Amino acid sequence: MSFILQLSAAVRASDGGEAAHRDLLGRAIADTVGVAAAGWAEPAVAAATRAYAGGAARSWSGSTLEGEDAAVMLDAIAAHALDFDDVYLDSATHPSAVILPAILRADRDDDPEEILAAFAAGLTAALAVARRVGPGHYHRGWHGTGTIGAFAAAAAAGRLRRLDERQLASAFALAAAQSGGLRVNFGTMAKPAQAGLAAAAGFRAARLAAAGFEGSSDVFAPGGYADLYGTGDGIADLSDEAFEARPDLLALKLYPCCYASHRLIGLALDARSALGAGLTEGGTRFRLLAPKRSLEVLRYTRPRNGLEAKFSGPYCIAAALLDGAPGLGHFDDAALRPDILQLLDRIDLSEDPARDSGGDITAGEVTMEVLDGAGARIGRFSRSVIPGSPQDPPSRAAVAAKLSGCLATFESGFRRPFPLLAKVQAIPEAAAWLWPGEADGRREQPGARMADTGQLTAPPGTAASRKQDRVGGAAR
């Protein structure tokens, strides 16, 4: 059976799965709703809203836009604007930010069971297309969320519309025709725009296919998408495992910045926990070493604004060393404080040429040596796993705190609850993550855990895998 037939069959057969599977789908939906709520306060979303203002369709925020395609795009831009949305490394995408806007619409009341099935179909397509195209696609400079994400959104929207085999093939062909997105845009408003365009592309592709608009019956045939967008390292004959929805492989972000920085942040927090909050005093220096090519997406050494700070390894490390877990307030333009910028001069972040990660940000381990003003080593730390990853998953309390803070950000800026919450209440698996107290008869108001500053500082909430090697006989 050809890849396109296998993919279409998997999408059409998609359902919510077993209880554990459904719970993780619900977590992904709840997380996306939360980060999108906070994202609506971002300048990129405000600019896009001005560009597409109208009266034909409602966005998740309640704003009215010129059409349903525009509403899908704006919701996806909001979901990715903070770089706080989940990550699916096996597919090289931020999947939920493009999948959920294509199926959960403010103006429709779809069956919650169908929403779960469609969401799972999107995850299925993300993994299968990524395997078919190969990892070289991303390393060449494509933004997988903008490219592969278009197929994920098309699969989800197609499953929701119950497209048949031929219609799905056309939807994928039409998604391919709109697929795009470049890593060179990271650290600018264009990055979340690429997520928005992918979500709208997938939604549009399914809508056209449902109306009888046809495309290639096999866009992955020789000379097709994989050959043109890949580098030759994709797998042509995939096993059944590649066509499974795997919400257990999703990583939930605990810090609103590039995922490649999260292991560095975790390492800085390990050092801060062991040596105390004052470890940056007295001219202390920090020497970090990471596997070769594991930092290449972190483009900025000295960021000039909040967007660039999200893609700056040294900045994220400095913020964590000084303040603890970075929150939303660390990535405003006004948050580039003198003390954080000055600390950058005492952070040496480099890659070890002897340990080539192949571009895999999870490969090997990162190490940190802490040196006093005279150059004597105070401590040494290492970390192999990323906080919030499937290997170090967040607690329910950490997820609840993150989502509460995100929703509070919307309420603070717009003086009303996030309108989509009423719709999410109808999806029990998602509601359980947004209102964890409901099971014992309590429902806290969204935003109740917001810090006094009005900014979210998400606690790590993880069983960190770490090793410590401190001078003076500390634990190893």
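The values are calculated or read from the model by the stated rules, or taken from the named source; none is laboratory data. Keep in mind the model is a prediction, meaning the values are calculated, not measured. Counting neighbours? That spans all protein chains shown, and the Cβs are built from the backbone with ideal geometry, glycine included. Just so you know, the surface numbers come from the protein's heavy atoms only, side chains and all, with ligands and any DNA or RNA stripped out. Shrake-Rupley method; radii C 1.70, N 1.55, O 1.52, S 1.80 Å.
Below, the figures for the structure above:
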quantity: Selected residue (criterion: most open to solvent (accessible area, probe 1.4 Å)) from residues of the stretch 39-57 that are under 28 Å from Ser404 (Cα atoms) and over 24 Å from the mean Cα position of the chain (by Cα); calculated: Arg50
quantity: Any hit, the stretch 394-417, residues being modelled with pLDDT of 95 or more, over 19 Å from His262 (Cβ atoms), within 24 Å of the chain's Cα centre (by Cα) and not in a helix (DSSP H, G or I); calculated: yes
quantity: Answer residue from the stretch 87-112, given it is farther than 17 Å from Ala71 by Cβ and among the acidic types (Asp, Glu) and is surrounded by the fewest Cβ atoms within 10 Å (Cβ to Cβ) among those; calculated: Asp111
quantity: Answer from Gly282, Gly276 - the residue that is small (Gly, Ala, Ser), modelled with pLDDT under 95, more than 30 Å from Gly39 (Cα to Cα) and open to solvent by 20 Å² or more (accessible area, probe 1.4 Å); calculated: Gly282
quantity: Lone unmet requirement of (1) touching a residue at least 40 places away in the same chain (Cβ under 8 Å); (2) open to solvent by 10 Å² or more (accessible area, probe 1.4 Å); (3) part of a helix (DSSP H, G or I) for Leu208; calculated: (1)
quantity: Some residue of the stretch 299-306 being of a type in the set (Val, Ile, Thr) and either open to solvent by 60 Å² or more (accessible area, probe 1.4 Å) or touching a Ser or Thr at 6+ places or on another chain (Cβ under 6 Å) (or both); calculated: yes
quantity: Qualifying positions in the stretch 222-246 - within 15 Å of Ile4 (Cβ to Cβ), of a type in the set (Asp, Glu) and loosely packed, with under 11 Cβ neighbours inside 10 Å; calculated: Asp237
quantity: Residue within the stretch 252-262 that is under 25 Å from Arg293 (Cβ atoms), assigned to a loop (DSSP other than H, G, I, E, B) and aromatic (Phe, Trp, Tyr) present; calculated: yes
quantity: Test: residue in the stretch 212-221 that is open to solvent by 10 Å² or more (accessible area, probe 1.4 Å), of a type in the set (Val, Ile, Thr), in contact (Cβ under 8 Å) with a residue 40 or more places away in the chain and assigned to a helix (DSSP H, G or I); calculated: no
quantity: Meets criteria (touching an Asp or Glu at 6+ places or on another chain (Cβ under 9 Å), without any contact (Cβ under 8 Å) to a residue 12 or more places away in the chain and more than 24 Å from Cys257 (Cβ to Cβ)) for Gly26; calculated: no
